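Presented below is the structure to which this report refers.
The values are calculated or read from the model by the stated rules, or taken from the named source; none is laboratory data. What you see is a predicted model, and the numbers here were worked out from it, not measured in a lab. We place every Cβ from the backbone using ideal geometry, glycine too, and count neighbours over all the protein chains shown.
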Amino acid sequence: MANKKFDVFVIGGGSAGQAVAKTCAKAGLHVAITERRDYGGTCPLRGCDPKKALLAATEVLEFAKNMNGNGIVKLPRLLWSDMQKFKKKFTKPIPKAAEESLVALGVVTFSGEASFLSEDTMVVGDEIIEADKFVIATGLMPLELPIEGAEYLKMSDDFLNLKKLPEQLVFVGGGYIGMEFAHMAARAGAKVTVIHSHERPLNEFDPDLVDVLTDYSKKIGIKFILNAKVNKVKKGKKKFKVHFEQNGHTNHIKANMVFNTAGRVPAIAMLELEKANVAYSAKGIEVNEYLQNTKNKNVYACGDVSEHGLPLTSMTGPEANTVSANILEGNKAKINTPVIPSVVYTLPNIASVGYSEEEAKKRYKNVTVNHESATDWFNARRINAPVYAYKVLVNERTKAIVGAHIIGPHAGETINLFSMAIRKEMTIDDMKEIIFAYPSWGYDVNRML
């Protein structure tokens, strides 16, 4: 059987991979793409979108509870099976539509695991593929925990597809995935425990605001076991035993289901990159400013799998555009990483953009830290929001806003205003010249300055 030859071969049928394939096909190149799972990628199928679809019902419940006795006389009840049906309205159409949109542009689609045979050859199933350029856009995959009984651990995909919510759940890892799922499960009626290896969850977010979130999480029934390391999971007759070490002591907790939410790593293990002379590290495919591999110049990488990449969907478009432009026009387009906000969609949201307090104080001689609770502000009071706080960092010399951190209702929206301010190097005086609608959440921004 003759090898199949293409101008561009893309590995990964998520947002970044599809964007590169479509752009190159529209430009007249002979393009193919492969996906080992369903076309569409993590965010639309197994991440951001289905997560937020499930979150919607819990938001209604949270707001109703906060307003109970103030016009609300009967609280709604969450029905997990109906929440799942609602989520499927978003996810079910995606794989077919994604693949059809590629085929309509002349992109040849494959399904299966891809691995390199040489610098210009891959194998997908029984097919041998040759290409002038390869684009790796395989994203991230769950970090495997090297513990006894790891085979009993469920992953984030499993949680998002649960037909029935178990009575007791344990999440091993208190990052954004573990915390978001813990909040959803607790509000849906499950008994939830988060085991985390550090002194507080959400290591990358402002510690003062994380402490506020942790305290509130406990109030909705989430139990935390911190500074603990899980060392094995044993299967019992009815439940699993999760064994862990904490402060020099060993202990265990029982649960109906245990989830590995300890983090995600670049999905590159299956690619056999050494055969293609592709440079990589634990952070992903090593790339230069053109998103071109540092050793094999015919290989590009974009999305979460790139060492340059951030696990944020917001960057898939810019990175895919950069790779496409450099394949089509030669290396002219350099990737520019803008200021990017991060949000954890717990209830309340916790959001961050720019420097942390620690980073800002290392970078600038004098930093003004505006930090306080805002639960007595009108926007919080009108919905009886139990949590609302902020921390805004300002360079004293220039009066420029260099960091912002918020916890509270719609923090995931408000943070975008600070993202714009930091990106445009706006000072607090610049921001105060802007008139925001009252009484909107955006109006609160100027009070935070």
For Ala114, the lone unmet condition from (1) at pLDDT below 95; (2) in contact with a Ser or Thr (Cβ under 6 Å, 6 or more places away or on another chain) is (1)
| task | State whether one or more residues within segment 418-429 are part of a strand (DSSP E or B) and either modelled with pLDDT under 95 or on the phi < 0 side of the Ramachandran plot (or both). | result | yes
Subset of segment 189-240, residues touching a strand residue (DSSP E or B) at 6+ places or on another chain (Cβ under 7 Å), over 23 Å from Ala389 (Cα atoms) and of a type in the set (A, V, I, L, M), comes to Ala190, Val192, Val194, Ile195, Ile225, Ala228, Val230, Val233
Going through (1) closer than 21 Å to Val339 by Cβ; (2) surrounded by fewer than 18 Cβ atoms within 10 Å (Cβ to Cβ) one by one, Phe378 fails only at (1)
Pairing a residue in segment 48-69 that is assigned by TED's automatic domain parsing to the domain that holds Asp82 and in a helix (DSSP H, G or I) with any residue that is among the acidic types (Asp, Glu) and surrounded by 19 or more Cβ atoms within 10 Å (Cβ to Cβ), where Cβ atoms lie under 8 Å and the two sit 6 or more apart in sequence or on different chains, gives Lys51/Glu180; Leu55/Glu180
*Could you say whether any residue in segment 204-215 is assigned to a strand (DSSP E or B), touching a Leu at 6+ places or on another chain (Cβ under 7 Å), outside the structural domain of Ile406 (by TED's automatic domain parsing) and crowded, with 19+ Cβ neighbours inside 10 Å?*
no
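For segment 183-193, give me the residue count where each residue is without any contact (Cβ under 8 Å) to a residue 60 or more places away in the chain and not in a loop (DSSP other than H, G, I, E, B).
Of the residues in segment 183-193, 4 are without any contact (Cβ under 8 Å) to a residue 60 or more places away in the chain and not in a loop (DSSP other than H, G, I, E, B).
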Of the conditions (1) assigned by TED's automatic domain parsing to the domain that holds Asp429; (2) closer than 30 Å to Ser306 by Cα; (3) assigned to a loop (DSSP other than H, G, I, E, B), the single one that Ile335 does not satisfy is (1)
Per the filter on segment 429-449, residues more than 21 Å from Val343 (Cβ to Cβ) and either buried (at least 19 other Cβ atoms within 10 Å of the Cβ) or of a type in the set (Asp, Glu) (or both) are Asp429, Asp430, Glu433
(1) of a type in the set (S, T, N, Q); (2) within 18 Å of Asn349 (Cβ to Cβ); (3) assigned to a loop (DSSP other than H, G, I, E, B) all hold for Thr414 apart from (3)
- Can you spot a residue in segment 68-79 that is loosely packed, with under 13 Cβ neighbours inside 10 Å, under 25 Å from the mean Cα position of the chain (by Cα) and closer than 30 Å to Arg382 by Cα? no
Only one of Met270, Met315 is part of a helix (DSSP H, G or I), surrounded by fewer than 21 Cβ atoms within 10 Å (Cβ to Cβ) and under 25 Å from the mean Cα position of the chain (by Cα), namely Met270
Apart from one, (1) small (Gly, Ala, Ser); (2) touching a helix residue (DSSP H, G or I) at 6+ places or on another chain (Cβ under 6 Å); (3) closer than 30 Å to Glu62 by Cβ all hold for Ser81; the odd one out is (2)
Filtering segment 153-171 down to residues that are within 19 Å of Gly12 (Cβ to Cβ) and either free of Cβ contacts under 8 Å to residues at least 12 places away in the same chain or part of a helix (DSSP H, G or I) (or both) yields Ser156, Asp157
Over segment 163-174, the set of residues of a type outside the set (Lys, Arg) and surrounded by fewer than 22 Cβ atoms within 10 Å (Cβ to Cβ) is Leu165, Pro166, Glu167, Gln168
Of the candidates Lys218, Lys239, Lys164, Lys229, the one satisfying the condition of being in contact with a Lys or Arg (Cβ under 9 Å, 6 or more places away or on another chain) and among the charged types (D, E, K, R) is Lys239
